[in-house]
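**Q** I'd like to ask you about the structure that follows.
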Amino acid sequence: MTALAQNFVANGGEFVQTNVQDIVIENDAPVALTTDSGRRKLDQLVVAAGAHSKRWTQQLGSYVPLDTER
């Protein structure tokens, strides 16, 4: 685990490696994630999905000017 991830966990964060299938939104706010290992409730959400971030931020009503070429 990198120093950044270790600091995140040491300060109460949870580092989970799973595939997110959907963001559950209630009252205009994300409240849970549907993942391949079940539903996970959340208090806060950080989208750090690199080239895949645009899909998730659009679902949250934000625009990320991100286009990639490979």
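The values are calculated or read from the model by the stated rules, or taken from the named source; none is laboratory data. All values derive from a computational prediction rather than experimental measurement. Positions of Cβ are generated from backbone atoms using ideal geometry, with glycine treated the same way; all protein chains shown enter the neighbour counts. Each accessible area value is taken on the protein alone, full model and side chains, heavy atoms only, with ligands, DNA and RNA left out. Shrake-Rupley method; radii C 1.70, N 1.55, O 1.52, S 1.80 Å.
**Q** In Å, what is the Rg of the alpha-carbon atoms in the chain, and how long is Dmax?
**A** When restricted to Cα atoms, the chain yields Rg and Dmax of 13.4, 37 Å.
**Q** With label points built 7 Å along Cα→Cβ from the Cα atoms of Tyr63 and Asp36, find their separation and express it in nm.
**A** It works out to 3.3 nm between the two label points.
**Q** Amide H to amide H under 5 Å from Thr35: which residues, 5+ apart in sequence or cross-chain, H placed 1.01 Å off N in plane?
**A** Correct list: Gln21, Arg40.
**Q** Kindly report the accessible area of the chain per residue (heavy atoms of protein chains, probe 1.4 Å, no ligands, DNA or RNA), in Å².
**A** I get 84 Å² per residue for this part.
**Q** Computed FRET efficiency, Cβ-Cβ of Ser53 and Asn27, R0 22 Å: what is it to the nearest 0.05?
**A** Rounded to the nearest 0.05, the efficiency is 0.40.
**Q** On to the next question. Residues of segment 35-70 with amide nitrogen under 14 Å from the 7 Å Cα-to-Cβ point of Thr18?
**A** Output list for this probe position: 35-43.
**Q** Quick check: at a probe of 1.4 Å, how many percent of the accessible area of the chain sits on carbon and sulfur atoms?
**A** Carbon-and-sulfur percentage of accessible area, whole number: 47.
**Q** Which of the GluC sites (Glu not before Pro) found in the chain are in a DSSP loop and have at most 14 neighbouring Cβ atoms, other than their own, within 10 Å?
**A** Here the GluC sites (Glu not before Pro) that fit, given the DSSP loop and packing criteria, are Glu14, Glu69.
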